[in-house]
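**Student:** My questions will all concern the structure given below.
Throughout, read-outs are computed from the coordinates displayed, never taken from laboratory work. Here the structure is a predicted model, which means the values were calculated and not measured. Methodologically, a virtual Cβ is constructed for each residue, glycine included, from the backbone with ideal geometry; neighbour enumeration extends over all protein chains shown.
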Amino acid sequence: MAEANILCPGQTIGILGDSISSTTLLYYAKKMGFRVGMYSSNENSKAMQLADYKFIGPADDKQTLKMFAERCDVVTYDNTAIDSEIIRYISQFTVVPQQDTMLDIIQDRLIERSFFETLNINMAPYATIVTLEDIYQAINSIGYPAILKPIQRGLLGDKELVIHNQADIVSASGLLDAGTYIMESFVEHDTDYSIIVTRQGDGSISVFPIVEVIYHGEQIMTAYTPVKLDASVEKEMNRITNEIAKNVDYVGTFEVSLFLAKSGSIYVNRVAPVLSAAGFLFDYAANTNEFEQHLRAIAGLPLTEIKPSLPTVFQAIRQREYQRVQTQWVIKGDWHFSFYGNEVTDPQDSVGHILIPGSSISDTLMKVEATSIWDDIDFKAKYEKK
């Protein structure tokens with residue numbers, strides 16, 4: 001290296017895990033002059049095919065992980081399900097700027113909530129649930145409806161149960177046989193937001209403009225920026241994001257998910273140490289994107305000062321929409337399509353996305369709605385309030 005902790009062109013960045021974002025991250029790494037090593041259990045993935053160095057193995061294959069780590073100058077991960085023990089293991093052989101702390105926090109919902117409480121960050125009221133009796137006792141303070149979630153994210157099939165009334169509580173007995181849960185209040189809200197932030201090794205941060213998102217389950221279907229918010233709400237959302245960034249031992253890009261309750265209160269939903277689907281829109285909505293900023297951070301380079309650009313909409317394409325999107329591919333010259341080339345079996349799985357820059361978010365949402373392709377999304381509720 002030309003300077004300690006700075007990665008130079010020709011050196012190797014390793015990507016651990018294989019997500020939709022991995023291929024884009026690999027593309028930008030190569031564009032910056034880095035070689036890329038890839039570790040995945042899927043030898044046929046698009047990112048694996050494009051990597052300079054390929055390591056194939058299960059997530060816990062320590063021998064192959066060691067070889068992968070020793071081949072890379074820096075390793076980054078883009079999967080919240082990666083075991084933090086694996087990060088600690090490979091850190092013996094290479095540099096992992098993201099470290100393991102954020103994974104430890106977000107993979108355990110109880111630790112995550114304790115972290116938010118320490119920072120005095122607002123979140124949905126919750127209780128730890130081990131037995132049915134715990135639910136009966138806690139529901140009086142939490143109220144209906146409530147959501148039962150496993151404490152460990154990714155375990156127990158991430159099965160959740162919405163409790164609408166006392167009759168639903170009995171249905172929880174089967175879930176509780178498998179492990180400990182938390183029960184949290186379902187806070188009524190109409191609007192979800194995403195804030196993407198990049199943190200450098202010295203603790204300084206760079207924050208992208210706030211993004212409004214529309215979910216289908218936990219999947220981001222639509223995202224757009226800029227958003228119209230009261231100045232006080234925007235200021236508080238950015239304050240929360242800064243507070244989280246100041247108190248995590250992490251280098252790279254991560255996402256803070258929030259929602260605005262009907263009461264006007266801001267709640268934090270979760271923090272994710274990964275590159276967000278919502279961040280794709282900054283290819284047109286800003287002068288840099290989350291991938292470039294992440295790479296600059298883990299390479300020890302100064303971050304780009306973010307400047308907003310065009311109002312842009314991100315629209316996910318699921319397998320169920322793939323055929324119908326073909327017509328838009330032919331006729332929409334100002335819609336920018338990306339297809340992931342991933343093999344999917346579930347009609348709800350993402351196979352691509354569209355980025356649509358324009359002069360008005362409302363007009364763009366109306367154009368997306370007019371295609372009648374995404375018939376399970378209420379675009380009207382969004383563009384009418386713009």
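**Student:** Give me the one-decimal nm value for the distance between modelled label points at residue 242 and residue 218, 7 Å along each residue's Cα-to-Cβ direction.
**Tutor:** 3.1 nm
**Student:** Full extension from residue 381 to residue 305: what is 0.36 nm times the residue separation minus their Cα-Cα distance, to one decimal in nm?
**Tutor:** Net length gain for the segment: 24.0 nm.
**Student:** Taking H as built 1.01 Å from N, whose amide H comes closer than 5 Å to the amide H of residue 352, not counting residues under 5 places away?
**Tutor:** Residues meeting the criterion, in which the H sits 1.01 Å from N, are 317, 340.
**Student:** Over the Cα atoms of region 294-350, compute the convex hull volume and normalise it per residue, giving Å³.
**Tutor:** Each residue corresponds to 137 Å³ of Cα convex hull volume.
**Student:** When the gyration tensor of region 257-386 is built from Cα positions, what are the square roots of 5 times its three eigenvalues, in whole Å, from largest to smallest?
**Tutor:** The equivalent ellipsoid of region 257-386 has semi-axes of 25, 21, 17 Å.
**Student:** GluC sites (Glu not before Pro), restricted to region 210-283: which are DSSP loop and have at most 16 other Cβ atoms within 10 Å?
**Tutor:** Answer by residue number: 218.
**Student:** Right, here's the next one. Where q = 0.19 Å⁻¹, what log10 of I(q)/I(0) comes from the Debye formula for region 12-96, counting one point per Cα?
**Tutor:** One equal scatterer on each Cα of region 12-96 leads to -0.73.
**Student:** Return the sequence-ordered ³J(HN,Hα) values of region 339-352 in whole Hz as given by the Karplus equation 6.51 cos²θ - 1.76 cosθ + 1.60 applied to θ = phi - 60°, using x for Gly and Pro.
**Tutor:** 10, 7, x, 8, 7, 10, 10, 8, x, 8, 6, 6, 10, x
**Student:** If the cut-off is a Cα-Cα distance under 17 Å, which lysines reach residue 54, setting aside same-chain residues fewer than 8 apart in sequence?
**Tutor:** 30, 46, 62, 66
**Student:** Another question about this same structure. Residue separation times 0.36 nm, minus the C-alpha to C-alpha distance between residue 272 and residue 118: what's the value?
**Tutor:** Net length gain for the segment: 53.6 nm.
**Student:** If the reach is capped at under 23 angstrom between alpha carbons, list the lysines near residue 228, excluding any in the same chain fewer than eight residues apart.
**Tutor:** Once the sequence-local lysines are set aside, what remains near residue 228 is 262, 307, 367, 380, 382, 385, 386.
**Student:** Summing -39500 (n - 2.57) over the DSSP H runs of n ≥ 4 in the chain and dividing by its residue number, what mean residue ellipticity at 222 nm do you reach, to the nearest 500 deg cm²/dmol?
**Tutor:** -8500 deg cm²/dmol
**Student:** A further question on this structure: Quote the FRET efficiency, to the nearest 0.05, computed for residue 165 versus residue 137 with a Förster distance R0 of 25 Å and r equal to the Cβ-Cβ distance.
**Tutor:** 0.95
**Student:** Continuing with the same structure: Can you pull the one-decimal nm distance between simple spin-label points at residue 348 and residue 334, each 7 Å off the Cα toward Cβ?
**Tutor:** Between residue 348 and residue 334, the simple spin-label model gives 3.4 nm.
**Student:** Can you work out D for region 125-185 in µm² s⁻¹ from Stokes-Einstein, where Rh is the Kirkwood radius over C-alpha pairs, the temperature is 25 °C and the viscosity is 0.890 mPa s?
**Tutor:** After rounding, the answer is 221 µm²/s.
**Student:** Continuing with this model, one more query. Can you match semi-axes √(5λ) of the Cα gyration tensor in Å to one of these, (i) 32, 28, 22; (ii) 41, 22, 17; (iii) 38, 23, 21, based on a calculation from the structure here?
**Tutor:** The listed entry that was calculated here is (i).
**Student:** Let me ask you something else. How high is the relative contact order of the chain, in percent, counting Cα pairs under 8 Å that sit 6 or more residues apart?
**Tutor:** Relative contact order comes out at 13 percent.
**Student:** What order, most packed first, do the peptides 5-11, 52-58 have when packing is the mean number of other Cβ atoms within 10 Å of each residue?
**Tutor:** Ranking, from highest mean packing down: 52-58, 5-11.
**Student:** Then there's this: Return the sequence-ordered ³J(HN,Hα) values of region 169-178 in whole Hz as given by the Karplus equation 6.51 cos²θ - 1.76 cosθ + 1.60 applied to θ = phi - 60°, using x for Gly and Pro.
**Tutor:** For region 169-178, the Karplus curve yields 4, 4, 5, 7, 4, x, 5, 5, 5, 8 Hz.
**Student:** Here's something else I'd like to know. Using R₀ = 35 Å, calculate the FRET efficiency as 1/(1 + (r/R₀)^6) where r is the Cβ-Cβ separation of residue 44 and residue 205; round to 0.05.
**Tutor:** Plugging the Cβ-Cβ distance into 1/(1 + (r/R0)^6) gives 0.40.
**Student:** Looking only at 349, 60, 376, which one moves most when the chain is put into a Gaussian network model with springs between Cα atoms under 10 Å?
**Tutor:** Answer for the Gaussian network model of the chain: 376.
**Student:** Would you mind computing, in nm to one decimal, how far apart the modelled labels at residue 27 and residue 91 are, each placed 7 Å from Cα along Cα→Cβ?
**Tutor:** Here the answer is 3.2 nm between the modelled labels.
**Student:** Sort the following peptides by mean Cβ neighbour count (other Cβ atoms within 10 Å, averaged over residues), highest first: 102-109, 168-175.
**Tutor:** Output ranking for 102-109, 168-175: 102-109, 168-175.
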